[in-house]
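The values are calculated or read from the model by the stated rules, or taken from the named source; none is laboratory data. Quick caveat, the model's predicted, so the values are computed rather than measured. Positions of Cβ are generated from backbone atoms using ideal geometry, with glycine treated the same way; all protein chains shown enter the neighbour counts.
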Amino acid sequence: MIPGFSNRRRFSDLSEQEILALAISSEEDDGQIYRGYAEKLRADFPASAAVFDGMAEEEDGHRKRLIDLHVARFGKVIPLIRREHVAGFYARRPVWLTENLGLEKIRGEAAGMEQEAHAFYMRAASHTTDAATRKLLGDLAAAEAAHKTLAGELEAEHLGADARSEEDRTAHRQFVLTWVQPGLAGLMDGSVSTLAPIFAVAFATMDNHTTLLVGLAAAIGAGISMGFTEAASDDGQLSGRGSPIKRGIAAGVMTTLGGLGHALPYLLSDFWTATILAIAIVFVELWAIVWIQNRYMQTPFLRATFQVVLGGALVLGAGMLIGAG
């Protein structure tokens, strides 16, 4: 045992039976993780789900070979030892966290899992003296190293060029619906709707501190309102727009940032310096919105420019005129 960590063992202190037991539980966990990936992806990415089903079956085969060896050497009773019982042993991401992973991130997680499993079997083989055990662990290390080839074979079988292209389009669409669309709506709301009150107060008072307070209140209030409105408007089950929490965060954060952009310059002491900087930031925000609309929403550039830049300029001018009057 390690002092201060009495519930954890050093890997070097494990017996050969315990190493086999650890390998068995690890293969079982990995198979379950792959099945979790497959279930998450099955509805939108059936071809990728089939790839992970195949990888889960491969892990089941590894586990069976390990169990057969354990029964032959030590009997049917397998010690309960898992990754979390061994100090410094690699940990897997909890399956429930896959809800927050996109398709490419899941593929990356799977590749990392295979690399870690290969390193484990190499280390385990070096700690065993029994020839049959050493051979099996070495074979499994080679198998884990070859899983990149296996994944490629499974992708060739289940994930042809057309299927992968379709899944990539679906993943992009999901990203746009969950993050870009609500974030863009928030940025537009925060950047445009706060212009009139902030610049009206600025030109009415000529006081930077008052303008800053109004800008902070407007930006933060609008962000909270927009975030809750987006999260409560649609649970995403029927529309396919994804998690309402993610959409609410995207909308709320971008709304707040949009308002803060032209409020924070009033931290400066000189009114005209702060105002000129704030106006410059406004136009950067508006052109950023135009770019996002054109890039992700396929809005024609001239139409986006007319809607956003001209509209924002009118709101800005209205705020200045109201404040100056």
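Would you pick out the residues in the stretch 117-168 that are at pLDDT 70 or above, crowded, with 18+ Cβ neighbours inside 10 Å and within 17 Å of ALA56 (Cβ to Cβ)?
ALA117, LEU140, ALA143, GLU144
Can you find even one residue in the stretch 102-115 that is crowded, with 19+ Cβ neighbours inside 10 Å, assigned to a helix (DSSP H, G or I), within 18 Å of the chain's Cα centre (by Cα) and at pLDDT 80 or above?
Checked against the condition, which is being crowded, with 19+ Cβ neighbours inside 10 Å, assigned to a helix (DSSP H, G or I), within 18 Å of the chain's Cα centre (by Cα) and at pLDDT 80 or above, the stretch 102-115 yields at least one hit.
Is it true that some residue in the stretch 16-29 is surrounded by fewer than 16 Cβ atoms within 10 Å (Cβ to Cβ) and not in a strand (DSSP E or B)?
No, the conditions are met nowhere in the stretch 16-29.
Which of the following residues is under 27 Å from GLY242 (Cβ atoms), part of a helix (DSSP H, G or I) and in the same structural domain as ALA132 (by TED's automatic domain parsing): ASP68, ASP53?
Criteria check complete, one pass: ASP53.
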